[in-house]
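See below for the structure under consideration.
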Amino acid sequence: MAVKFDIQNLNAWFGSKHVLKNINMKIEENAVTAIIGPSGCGKTTFIRCLNRMHEITPGSRVSGKVIFNGVNIYDNGVDPVMVRRKIGMVFQKPNPFPMMSVYDNVAIGLKLNGVRDKKTLDAAVRRSLELANLWDEVKDDLKKSGASLSGGQQQRLCIARALAVEPEVLLMDEPCSALDPIATAKIEALIRELAKNYTIVIVTHNMQQAARVSDYTAFLYLGELIEYGATKQIFENPKHELTEKYLTGKFG
Amino acid sequence: MSRIIDKDLKELSATLYRMGELAHRAVLEALIECIEGKEAHEEVREIADTLVAMADHVEDKAFELIARFQPVASDLRTIKSYMKIAYDFARFGRYALDISSINKQIGGLRGCEEWINSYVKRMSEKTLEMVRSSIESLKSHNTQIAEKISEREKEVDKMYFEFIDDLIKCGATIKCAVSSVLIIRYLERIADHAAYICESIIYIATGRKEVLR
Amino acid sequence: MDHHKFRVIKDRLIQFLVYLALFSALIPLFSILYEVGARGFSTINIEFFIKPTPTVGESGGGVANAIQGTLITIGLASLIGVPIGLMSGIFLSEYGESKLSVAIRFLHDVLNGVPSIVIGVFAYALITRSIGFSVTAAAFALAVIMIPIVTRTTEEALKLVPMSVREAAIALGIPRWKTTIIVVLSSAKKAIVTGILLSIARIAGESAPVLVSMGFWRWWFAGLNRPVANLALNVFIFATSPFENWVALAWGSALILILLVLGISIAARVLIKGRY
């Protein structure tokens with residue numbers, strides 16, 4: 001299978017704090033890769049480096065290469081705005097745009113990129129909501145406020161919003177941690193479906209979720225990549241002692 | 001750091017160890033019965049039944065741990081292996097019962113040729129040693145003891161085939177031939193299961209699936 | 001039991017004192033509303049709204065020109081003050097903390113505290129001296145009063161928009177400036193508009209800076225370089241005049257002013273409630 005991200009010697013800092021240390025890994029295309037590790041190990045920083053979101057924090061710094069579709073996204077000529085269109089992101093707490101309807105939330109990415117034709121927008125909104133398994137639940141009232149949906153629905157709305165601009169990758173930062181088990185199960189099933197056509201990288205502190213949902217798992221500890229491999233192998237027979245300790249709860 | 005599951009795993013391990021001791025006793029008693037003619041059938045039967053019940057208990061407990069804790073990595077391998085090992089110990093009990101039944105039904109090795117008796121004795125000792133090794137390696141998940149069993153398993157296999165050759169060459173009374181072949185056969189199976197147990201121990205400790213037979 | 005009774009008595013006593021303080025504070029408000037309402041209400045008739053200021057000796061008359069003038073002055077002031085205030089507020093909230101931000105905030109705070117008469121004199125020196133007593137000068141003075149208020153309320157409104165909204169927009173590949181203008185502003189628009197309305201209510205009633213920079217005017221709008229009539233000034237000039245009908249007009253103007261300010265404040269409240 002093809003490689004979507006070729007990450008070489010990735011380092012990241014917050015001010016003087018060295019948060020990611022020499023990460024080298026290749027992320028597979030159209031597969032789900034889970035990033036696990038204890039709090040503070042750098043998992044969120046890591047995925048934020050994949051769509052150049054880390055650098056919007058003042059005082060942050062990145063070095064190394066992230067090669068995506070043959071181009072290092074940190075090269076001088078590369079526009080971060082274009083990078084973020086191809087690599088979408090869903091956050092931990094569902095954050096639909098307040099004061100905007102369901103329709104507007106999904107359409108805004110396209111509208112702000114110059115798409116004006118109502119028919120095109122309508123079709124795109126419908127397509128995205130269908131992809132996110134939300135269409136049936138909202139189709140009767142697309143004008144209602146995004147904030148009036150339940151937590152799980154709001155998160156699927158955010159997924160639809162991200163999918164509307166037609167990215168190739170979906171980065172998810174603990175997308176289910178604010179949701180109840182049923183909503184979580186719906187989103188996990190959605191992730192498996194989306195993986196057929198999108199590359200998905202999901203950060204999770206829930207090991208069982210990583211085991212259920214991912215094809216590959218990477219274990220980060222104190223900013224370093226300790227182990228990376230097929231999920232089946234990692235959860236049945238991890239090679240590294242630290243991984244074994246973390247998975248069996250012997251940390252601390 | 002002590003985890004909730006550790007207590008249950010320790011209990012399971014202790015149960016298995018007890019099973020091992022019981023299994024060893026059953027096999028020992030059954031062999032003594034056949035070789036020296038001492039009556040022990042009821043005792044062996046009781047132990048065999050107990051071992052089956054204990055194996056069921058271990059399986060149930062293991063399933064409970066899986067449902068409750070969703071174990072992964074070494075915990076998962078341990079639980080899977082404990083289920084297998086419990087089954088292996090129950091098989092020891094079953095074979096012990098079979099051996100004891102030979103004595104009950106046709107009188108064991110009473111009055112048989114000396115060379116047959118001593119052969120069976122030697123093979124019994126080797127097999128019993130393997131049973132003890134398997135219990136020993138279970139105690140501390142010791143892979144070194146486990147790996148050594150491979151050699152002896154091959155020896156027991158060799159002894160099994162050699163005996164059959166010898167028997168055909170030398171001949172014996174039907175009763176002795178039937179008794180001795182059956183006993184040797186069961187000993188070979190017991191040796192196999194002892195090797196299975198050691199393979200499981202290696203799997204728990206290293207995740208590798210080695211064949212020791 | 002004694003302790004308990006003592007506590008109950010203390011509790012009731014404090015409650016009584018608190019209510020007393022509340023009513024004491026409300027008494028001036030209600031008495032003003034009553035006085036102005038009673039005296040001003042009798043002045044209100046059709047004539048009041050149609051006719052301009054009467055000349056000396058003329059009977060009747062109205063404040064139509066003052067209403068026109070006040071609206072023009074406020075409108076002009078907003079045209080200048082609101083954009084500047086908005087942009088300052090956006091800058092302070094969205095474009096990072098720096099020495100410049102600290103300085104700007106400090107200057108706005110100082111400006112807020114400058115007495116309005118001083119601002120009027122400043123407008124006089126800057127504008128009136130060059131183009132004469134004019135509505136432009138008054139609008140300028142009022143704009144300067146407005147700016148710190150709009151800046152502060154805009155900044156606060158934008159700060160209330162959670163970072164997650166901005167992050168979501170940036171992660172969609174929306175350029176920074178579009179994120180700010182369209183996404184963040186729209187999320188905060190109710191609060192921002194409320195802030196603007198409140199600043200308008202504030203300047204509607206200013207009299208001192210208007211007097212100094214523009215002066216009194218009895219006629220209709222006559223050009224940007226001439227003064228216009230003003231409700232607040234009407235109150236000032238007419239209240240102490242010897243003519244009965246002028247005094248009545250003063251009360252009427254006061255009533256209109258209060259109703260205007262009240263109306264704007266109520267509109268602001270309704271907007272805030274509407275957020276939910």
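Side notes on the structure shown:
- In summary, A:Met207 fulfils each of the numbered conditions (1) touching a strand residue (DSSP E or B) at 6+ places or on another chain (Cβ under 8 Å); (2) away from chain B (no Cβ under 13 Å); (3) at pLDDT below 95 with the single exception of condition (2).
- Taken as a whole, the condition of being surrounded by fewer than 22 Cβ atoms within 10 Å (Cβ to Cβ), facing another protein chain (nearest Cβ under 10 Å) and basic (Lys, Arg) does not apply to C:Arg129.
- When residues of the range B:91-101 are limited to those that are among the hydrophobic types (A, V, I, L, M, F, W, C) and buried (at least 24 other Cβ atoms within 10 Å of the Cβ), the one farthest from the other protein chains (Cβ to nearest Cβ): B:Ile99
- Among residues of the range C:125-148 that are on the phi > 0 side of the Ramachandran plot and hydroxyl-bearing (Ser, Thr, Tyr), none has a beta-carbon under 8 Å from a residue that is in a helix (DSSP H, G or I) and surrounded by 24 or more Cβ atoms within 10 Å (Cβ to Cβ) at least six positions away or on a different chain.
- Members of the range A:149-176 found to be charged (D, E, K, R) and either more than 11 Å from chain C (Cβ to nearest Cβ) or not in a helix (DSSP H, G or I) (or both), listed by number: A:Arg156, A:Glu166, A:Glu168, A:Asp173, A:Glu174
- Residue check: B:Asp60 meets all listed conditions (1) within 14 Å of chain A (Cβ to nearest Cβ); (2) part of a helix (DSSP H, G or I) but one, namely (1).
- Test: residue in the range C:92-111 that is part of a helix (DSSP H, G or I), polar (S, T, N, Q), under 21 Å from the mean Cα position of the chain (by Cα) and assigned by TED's automatic domain parsing to the domain that holds C:Ala222: no
Each row is one residue, and each column tells you yes or no for (1) within 14 Å of C:Thr70 (Cβ to Cβ); (2) not in a helix (DSSP H, G or I).
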position: C:Ala201; (1), (2): yes, no
position: C:Leu211; (1), (2): yes, no
position: C:Trp217; (1), (2): yes, yes
position: C:Trp220; (1), (2): yes, yes
position: C:Leu224; (1), (2): no, yes
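- Taken together, B:Glu29, B:Glu43 contain a single residue that is surrounded by 17 or more Cβ atoms within 10 Å (Cβ to Cβ), within 18 Å of the chain's Cα centre (by Cα) and modelled with pLDDT under 95, which is B:Glu29.
- Test for A:Ser128: is it without any contact (Cβ under 8 Å) to a residue 60 or more places away in the chain, crowded, with 20+ Cβ neighbours inside 10 Å and within 14 Å of chain C (Cβ to nearest Cβ): yes
- Residues in the range B:1-29 that are part of a helix (DSSP H, G or I), among the hydrophobic types (A, V, I, L, M, F, W, C) and in contact with a Phe, Trp or Tyr (Cβ under 8 Å, 6 or more places away or on another chain): B:Ile4, B:Ile5, B:Leu12, B:Leu16, B:Met19, B:Leu22, B:Ala23, B:Ala26, B:Val27.
- Out of C:Leu198, C:Leu185, sole residue that is surrounded by fewer than 21 Cβ atoms within 10 Å (Cβ to Cβ) and within 14 Å of chain A (Cβ to nearest Cβ): C:Leu185
- So C:Val36, is it more than 28 Å from C:Val247 (Cα to Cα) and of a type in the set (Val, Ile, Thr): no
- Test set (1) surrounded by 20 or more Cβ atoms within 10 Å (Cβ to Cβ); (2) in contact with a helix residue (DSSP H, G or I) (Cβ under 6 Å, 6 or more places away or on another chain) - A:Leu112 fails condition number: (1)
- Qualifying residue in the range C:153-170 (condition: within 24 Å of C:Thr70 (Cβ to Cβ), surrounded by 16 or more Cβ atoms within 10 Å (Cβ to Cβ) and in the same structural domain as C:Leu259 (by TED's automatic domain parsing)): yes
- Taken together, A:Ile47, A:Ile67 contain a single residue that is aliphatic (A, V, I, L, M), under 30 Å from A:Arg212 (Cβ atoms) and outside any strand (DSSP E or B), which is A:Ile47.
- Leading residue by the ranking (nearest to the other protein chains (Cβ to nearest Cβ)) among those in the range A:76-97 that are in a loop (DSSP other than H, G, I, E, B) and in contact with a helix residue (DSSP H, G or I) (Cβ under 8 Å, 6 or more places away or on another chain): A:Asn95
The values are calculated or read from the model by the stated rules, or taken from the named source; none is laboratory data. Source: prediction; values computed, not measured. Note that each Cβ is placed from the backbone with ideal geometry, even for glycine, and that neighbours are counted across all protein chains shown.
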